[in-house]
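One structure is given below, encoded as structure tokens.
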Amino acid sequence: MLLQTSPTPTATRTHGPWAQRFHLMPQAGWLNDPNGLCQKDGTFHAYFQNSPDQVDGGLKHWGHATSRDLVRWEPDGVVLSPDTPYDAQGVYSGSAQVHDGRIWAFYTGNVKHASHEVAFDYVTSGRDANVLLATSDDGSHFGPKQLLLTPADYPAHLTCHVRDPKVFASPYAQGPAYLMLLGARAKGLDRAHDRGELLVFGSEDLTRWRLENQIVSPEPMGYMWECPDFLGLGTTSATSAENRCPQKEPLNLLSVSPQGLEGPEAGSNVYPSGYMAFAGSLVGAHELGRFHLWDGGFDFYAPQTFTAQDGRCILIGWMGMPDCPQHRNPTVSCGWQHCFTVPREVVTDGAQVFQRPARELYDYRSSLWLGDGSLQVSGVPCFDLEIARIVDSQCSVTVAGGLTVSYDQTSHEIVVSFEDRLAESLGGGRGERRLAAPALTSLRILGDASSVEVFCNGGAQVFSSRYYPRSYSVQASAPKAAIRCWQLDV
Ligand code: FRU
């Protein structure tokens, strides 16, 4: 079925003191999940969930931005709007494939029914989640929308929550050429026992899809799995050679953002995002490993990956957290809210998974400050701090006078902590986050006008957080370690 669509321009506004320089942020309004990440003819395309007129979120569109180097992003306004009966209450999250010289965007069309007679709960009734496709040759202008899947195509044991298609070329020699993962919420005996799972659809031509498999964890892991993804790491030379990370074995990962996950592996945020080692086949028998958080910071959710033209696996997350009432975000008064993380290369040594800022950022390093054991830099909002060869995990860095990164020798945890926890303070009301690590041997911190991303031990542990400084400074202390801090000129 074909449906007509048209791009809607959005106005540019003043973004105020905390406007980001090298992190993708909305031109206007609210941003959440990364969508449709891809690279075509050298240009990177990033789409994102955007409510251009509602700074606190509302009706979702796809915003668009492009980049030649993953650092400088050119905004392009809204390119997909909810303008058909199949996506009337939101152009929800999805992914893209570059195929036959065009960008094919797959997304969830959110439909909410209204009735005077029936009280819908919008979990088991009153909602449709359709899968739609729109294609574009320039990434900005999309042709007619095509309806690919409706609730009639999903198994009966699911609630109405089925969404976020991630489409990719099948890694298997046998079976369908393309696979689509959909996150789903299965009905429990009662609402408290609903359970997250995945659907795997297969297709030969990207338009006709058939259910191939369902993936569940051995024990329930939350009530809904959002934004699924599949990463085949270690199958290309670009990732391992350039990152000095000897690849022993390929490692496949399944990434999900489970709502309702409890227990230590869920971390301290209201919603976690993480990955599990995946052995076996998406379309056959398989086994899932333990759930690991992608990121232990205050602001990280719904990441998506794509394969760059040089073979690198690049991950971008939403640097935000839904349903977090204690976070007071002062950018709201400037008409925008939330941004993406820096694009990260995901690599593995066969055992551990590492995230490292895209190497293109090195080209923006300018003034350099050097310290032997300690260093202080003031007045630089965009910085790249590196501390190598930390001795006995002795290291402490304070950013903007109130956000400290340190290692707790007693609990063996890396700690990221805001000193002042008042709503109007540096952290907008947030406190402390921790991740277990046997030691702290190296640290890299990227600062932008209103974010700090902390990469520990070569990217084995990462923390992403927004902050709202009134003045900028970095104070680092790591006895006998080499400390370098570059200004980033973006
Ligand atoms: C994740 C999510 C997705 C959904 C989108 C709507 O943050 O809830 O599951 O498609 O956001 O904006």
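The values are calculated or read from the model by the stated rules, or taken from the named source; none is laboratory data. Note that this is a predicted model, so its numbers are computed, not measured. Here Cβ is always computed from backbone atoms with ideal geometry, including for glycine, and neighbour counts include all displayed protein chains. All accessible areas refer to the heavy atoms of the entire protein, side chains included, with ligands and DNA or RNA removed. Shrake-Rupley method; radii C 1.70, N 1.55, O 1.52, S 1.80 Å.
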Does at least one position in the stretch 106-125 carry a residue that is under 20 Å from the mean Cα position of the chain (by Cα) and closer than 23 Å to Trp336 by Cβ?
yes
Just one of (1) under 29 Å from His99 (Cα atoms); (2) part of a loop (DSSP other than H, G, I, E, B); (3) aromatic (Phe, Trp, Tyr) trips up Tyr275, so point out which.
(2)
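Residue by residue, here is whether (1) more than 22 Å from the chain's Cα centre (by Cα); (2) at pLDDT 95 or above holds:
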| residue | (1), (2) |
| --- | --- |
| Ala192 | yes, no |
| Arg210 | yes, yes |
| Asn213 | yes, yes |
| Met221 | no, yes |
| Trp225 | no, yes |
| Arg244 | yes, no |
In this structure, is Gly284 part of a loop (DSSP other than H, G, I, E, B), more than 16 Å from the ligand (Cβ to nearest atom) and open to solvent by 10 Å² or more (accessible area, probe 1.4 Å)?
yes
Restricting to the stretch 337-359, name every residue that is polar (S, T, N, Q), buried (at least 23 other Cβ atoms within 10 Å of the Cβ) and not in a strand (DSSP E or B).
Thr341
Within the stretch 112-136, the residues that are within 16 Å of the ligand (Cβ to nearest atom) and open to solvent by 10 Å² or more (accessible area, probe 1.4 Å) are Lys112, Tyr122, Val123, Arg127, Asp128
When only residues in the stretch 28-72 that are under 22 Å from Phe306 (Cβ atoms), of a type outside the set (D, E, K, R) and not in a strand (DSSP E or B) count, which is nearest to the ligand (Cβ to nearest atom)?
Leu70
Residues to consider are Asp408, Asp384, Asp420; find the one that is out of contact with any strand residue (DSSP E or B) (no Cβ under 8 Å at 6 or more places or on another chain) and in contact (Cβ under 8 Å) with a residue 12 or more places away in the chain.
Asp420
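Does Leu261 satisfy the condition of being at pLDDT 95 or above and more than 16 Å from the ligand (Cβ to nearest atom)?
Answer is no for this residue.
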When the residues of the stretch 73-104 are narrowed to those that are among the small types (Gly, Ala, Ser) and away from the ligand (no atom under 16 Å from the Cβ), which ends up surrounded by the fewest Cβ atoms within 10 Å (Cβ to Cβ)?
Gly101
Pairs only if they're at least six apart or on different chains, beta carbon under 7 angstrom, first in the stretch 28-44 and β-branched (Val, Ile, Thr), second more than 15 Å from the ligand (Cβ to nearest atom) and part of a strand (DSSP E or B); list them, first residue then second.
Thr43/Thr66
Being modelled with pLDDT of 95 or more, more than 23 Å from Val98 (Cα to Cα) and open to solvent by less than 20 Å² (accessible area, probe 1.4 Å) narrows it down to one of Phe22, Phe48, so name that one.
Phe22
Just to confirm my filter: which strands (runs of 3 or more DSSP E) fall fully inside the stretch 434-490 and include at least 2 residues that are open to solvent by less than 30 Å² (accessible area, probe 1.4 Å) and touching a Gly at 6+ places or on another chain (Cβ under 8 Å)?
451-456, 461-466, 473-488
Residues in the stretch 360-399 that are open to solvent by 10 Å² or more (accessible area, probe 1.4 Å), of a type in the set (A, V, I, L, M), more than 23 Å from Asp420 (Cβ to Cβ) and outside any strand (DSSP E or B): how many?
2
Looking only at the stretch 313-336, count every residue that is among the aliphatic types (A, V, I, L, M) and open to solvent by less than 10 Å² (accessible area, probe 1.4 Å) and tell me the total.
4
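Check the stretch 397-412 and report whether any residue there is closer than 19 Å to Ala449 by Cβ and modelled with pLDDT under 95.
no
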Of the numbered conditions (1) of a type outside the set (Phe, Trp, Tyr); (2) surrounded by fewer than 23 Cβ atoms within 10 Å (Cβ to Cβ); (3) farther than 17 Å from Phe22 by Cα, Gly428 satisfies every one except a single condition; which is it?
(2)
